[in-house]
Each structure stands twice: as structure tokens, then as C-alpha cells.
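This report refers to the structure that appears directly beneath it.
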Amino acid sequence: QVQLVESGGGLVQTGGSLRLSCAASGKIFSINAMGWYRQAPGKQRELVAVISAGGSTNYADSVKGRFTISRDNAKNTVYLQMNSLKPEDTAVYYCNAEIRSGEYLLLFNYWGQGTQITVSS
């Protein structure tokens, strides 16, 4: 069974930095895109950043220049380096990955459990 386990959330002051990690485990054959989403109270879940298997990246306009997504394919892990954090970045952050796994190499979209990021003003 495939799992995504996130780490690195917490409380930080405005202007501070945090780094999130998300490790995929299980009978993984391959991983396509990996990404981070976030959901603030009362709002819809939104894309923060995504990275392809080849390393191409895409960011939400609100985080461009402040956040950097990267991945270590050997460790099946995706990272999100968050700098110059703002109160509006406060949300639950979710890891997402398209993973081919199991006996029949089926492709599914998986989500992590979410980690809270709170930026104090």
C-alpha cells in the first residue's frame, strides 16, 4: 500500500522560512508529478507548486519567488522550501503524487495527511 508522509510543518513568524518534506513509500514502480497544495480555513484547496518527473516546475503566482519545490527521485521524496512567509500562507499543506504501483502497475493519485503551517504577524 502506498503512503505519503509529510513532515516539517509548524509555527513561524512573518518573514521566516520552513521546509516541508513528503516521502512516498510502498510498492512503487514509478512516480509522475509530485506537488504541494494548501487549504486555508473557509477556502478551497489550491495548488501551490508541482514538479514533473523530469524536474519541470510550476508555481502559484502567490508563491513565485518565495517557494521552491524540488524532488529526490532516489528517495521518492518531494520538498517545499518556503521563504519570506506571510500570514496569508497560513493553511494546511498537502502533498500529492501520481504513483504507479502494485502488482498491476496501476496509476493513482495519492494525498498526504496534511501538515499545518501557521505564519504569525
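The values are calculated or read from the model by the stated rules, or taken from the named source; none is laboratory data. Since the structure is predicted, the reported quantities are computational estimates derived from the model, not experimental observations. We place every Cβ from the backbone using ideal geometry, glycine too, and count neighbours over all the protein chains shown. Accessible surface areas use protein heavy atoms only, side chains included; no ligands, DNA or RNA. Shrake-Rupley method; radii C 1.70, N 1.55, O 1.52, S 1.80 Å.
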* So, by mean Cβ neighbours within 10 angstrom, what's the order for 41-47, 70-76, 90-96 with the highest one leading? -> 90-96, 70-76, 41-47
* **Cα-Cα pairs of the chain separated by more than 21 Å (percent)** => 34
* To do: Can you figure out the FRET efficiency of Thr118 with Ser30, using R₀ = 30 Å and their beta-carbon distance, to the nearest 0.05?
  => 0.30
* **Distance (nanometres) between label positions extended 7 Å along Cα→Cβ at Ser62 and Lys86** => 0.9
* To do: Take the chain, connect every pair of alpha-carbon atoms lying under 10 Å apart with a spring to form a Gaussian network, then pick out the residue of Ile69, Ile51, Ile28 with the largest mean-square fluctuation.
  => Ile28
* Heavy-atom accessible surface of the chain: percent carbon and sulfur, 1.4 Å -> 48
* **Label-point gap, in nm, between Gln3 and Asp72 - each point 7 angstrom along Cα→Cβ** => 1.9
* Asked: Can you work out the FRET efficiency for the pair Thr14 and Leu107, with r the C-beta to C-beta distance and R0 = 35 Å, to the nearest 0.05?
  -> 0.30
* Asked: How many lysine pairs does the chain hold where the Cα atoms are under 27 Å apart and the two sit 8 or more places apart or on different chains?
  -> 5
* Asked: For the chain, what is the accessible area per residue in Å² when the probe is 1.4 Å?
  -> 54
* If you average the sequence gap of Cα pairs under 8 Å that are 6 or more apart and divide by the length of the chain, what percent do you get for the contact order? -> 36
* Asked: So which GluC sites (Glu not before Pro) in region 86-121 are both in a DSSP loop and have at most 14 other Cβ atoms within 10 Å of their Cβ?
  -> Glu103
